[in-house]
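Down below is the structure, laid out as C-alpha cells.
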Amino acid sequence: MKDQEIKRYHSRKGVERAIDDAEGIWEIIAKAKYVTLSMVTPEGEPYCVAISHGYDREKNCLYFHTGFQGKKIDAIKVHPRVCAFVLDDEGYVKTRCHHEYRSVICYGTIHVIEDREEKLEALKTMFYCLEETNAEAEDAIRMRKLDDMPLTNVNMLRMDIDGFSGKISSHRGK
C-alpha cells in the first residue's frame, strides 16, 4: 500500500489543524522513540502500553519487539485491530498557557511475525530507527550476531497501517 492509498481520518473539530500529508506523518513517526499502542483485552477492556518501535514506510508498518506472553499478546490474539499514538511534544509555552505538539494516530491490524527472515528484517529495522546513526545500528546488529541467531526466542509484531490521523497544536508558529 502506497502513502497516497492510506486512508486519512480527520475529526470534524480542528480540521484546519490536520496533518494530512504523508511526509509530515512519517516525519513525526520517525522522530518518536516510542508509541502508545492501544488495544482491547479479551474481556473487552481498553488497554494501552508505551513501546519502542521501528517503522517501514515502504511497507506502511510499525514493528514492535515483545515477550511471548502477557496482556498485550492476549489482547491482540483476540482483537488484532489496534491503534498507535505518536506524540512529538515540543513543550509547554510559559505565560501563554499553551502546549506545542504534533501527533499522529495510526490505525491498523497487528500480526505476530513467525518467519525467521521477516523477524530478522524487523529487528534490523528497529535498530536503524532507534540508534542515532546507521553505524551504531550496524554495530548493534553485529554485536548481537543477529544474522546467525535462530531467533526462536524473539517475538516480533508487525502493525500494518491502513489509516492515520495527524494533528498540530493550534498556536504552533504564532
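The numbers here are math on the coordinates, done by the rules we state, and not lab data. This is a predicted model, so every value here is computed, not measured. Counting neighbours? That spans all protein chains shown, and the Cβs are built from the backbone with ideal geometry, glycine included.
Quick notes
- Gyration tensor (alpha-carbon) shape descriptor, the range 69-143, a/c threshold 1.5: oblate
- Computed helical MRE - 222 nm, the chain, DSSP H runs ≥ 4 contributing -39500 (n - 2.57), nearest 500: -7500 deg cm²/dmol
- Estimated Rh, the chain: Kirkwood, alpha-carbon pairs, angstrom: 17.3 Å
- In the range 21-100, Cα pairs under 8 Å separated by at least six residues give a relative contact order of 33 percent.
- Assigned charges on the beta-carbon of Lys, Arg, Asp, Glu; the range 3-168 dipole about Cα centre (debye): 700 debye
- In whole angstrom, the range 34-102 maps to an equivalent ellipsoid with semi-axes of 29, 16, 10, each derived as √(5λ) from the alpha carbon gyration tensor and ordered largest first.
- Pairs from the list Lys31/Lys167; Lys33/Lys71; Lys33/Lys145; Lys77/Lys167; Lys124/Lys167; Lys71/Lys167 with a Cα-Cα gap above 27 Å: Lys77/Lys167; Lys124/Lys167; Lys71/Lys167.
- Listed residue (Leu130, Val154, Val104) projecting farthest to the positive dipole end of the range 97-174, Cβ model: Val104
- Judged by the mean number of other Cβ atoms found within 10 Å, the most tightly packed of the peptides 34-42, 155-163, 114-122, 86-94 leads the ranking 155-163, 34-42, 114-122, 86-94.
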